[in-house]
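Peer 1: Take this structure, written in structure tokens, and hold onto it; I'll ask about it next.
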């Protein structure tokens with residue numbers, strides 16, 4: 001039995017990491033621990049912080065199933081993180097809309113979970129994180145984003161109320177029979 005692979009995408013502040021943390025665990029889906037070229041002390045999701053040089057070495061060795069660059073950082077999905085698929089467990093990774101076309105060519109059975117929230121809620125959440133200035137938040141919210149390729153199945157989740165509601169929506173979306 002093979003598990004399903006999902007790319008979880010959406011704008012900053014939509015609550016992707018919060019919802020993933022609420023759904024993934026020992027008995028649930030597996031949340032991929034990405035390798036990212038930033039210090040682990042930067043916070044956010046659980047990830048492996050590595051240097052640009054280490055990322056390049058590992059990429060050249062073929063250690064990553066998928067890589068992309070965004071916001072001045074390199075992101076990689078380590079091949080070893082996908083082993084849970086072979087146990088029948090669903091695997092979710094925090095992805096990038098800009099990398100979905102490439103991801104779909106690497107993973108033909110990939111499905112997308114698009115998590116969104118109204119603009120006002122996104123802005124409030126980004127301000128609450130305290131990692132960016134007001135100008136950076138405005139620029140982030142105004143930027144153009146890649147459309148999700150039409151050939152990919154997409155599950156839409158609007159995360160606009162409580163964490164418990166958002167987690168319940170994601171959990172329902174992951175049921176084999178859908179939301």
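Peer 1: Among the candidates 140, 171, single out the residue that is closer than 20 Å to residue 19 by Cβ, within 18 Å of the chain's Cα centre (by Cα), assigned to a helix (DSSP H, G or I) and at pLDDT below 90.
Peer 2: Exactly one of 140, 171 is closer than 20 Å to residue 19 by Cβ, within 18 Å of the chain's Cα centre (by Cα), assigned to a helix (DSSP H, G or I) and at pLDDT below 90, namely 140.
Peer 1: Can you tell me which residue among 22, 13 is touching a residue at least 24 places away in the same chain (Cβ under 8 Å), part of a helix (DSSP H, G or I) and touching a helix residue (DSSP H, G or I) at 6+ places or on another chain (Cβ under 8 Å)?
Peer 2: 22
Peer 1: Could you identify the single residue in 81, 45 that is part of a helix (DSSP H, G or I), surrounded by 13 or more Cβ atoms within 10 Å (Cβ to Cβ) and touching a residue at least 24 places away in the same chain (Cβ under 8 Å)?
Peer 2: Of 81, 45, the one residue that is part of a helix (DSSP H, G or I), surrounded by 13 or more Cβ atoms within 10 Å (Cβ to Cβ) and touching a residue at least 24 places away in the same chain (Cβ under 8 Å) is 81.
Peer 1: Looking at 55, 6, which is the one that is in contact with a strand residue (DSSP E or B) (Cβ under 9 Å, 6 or more places away or on another chain) and either assigned to a helix (DSSP H, G or I) or surrounded by fewer than 20 Cβ atoms within 10 Å (Cβ to Cβ) (or both)?
Peer 2: Selected residue: 55, the only one of 55, 6 that is in contact with a strand residue (DSSP E or B) (Cβ under 9 Å, 6 or more places away or on another chain) and either assigned to a helix (DSSP H, G or I) or surrounded by fewer than 20 Cβ atoms within 10 Å (Cβ to Cβ) (or both).
The values are calculated or read from the model by the stated rules, or taken from the named source; none is laboratory data. Keep in mind that this is a model prediction, so the values were computed, not measured. Cβ: placed from backbone, ideal geometry, glycine included. Neighbour counts: every protein chain shown.
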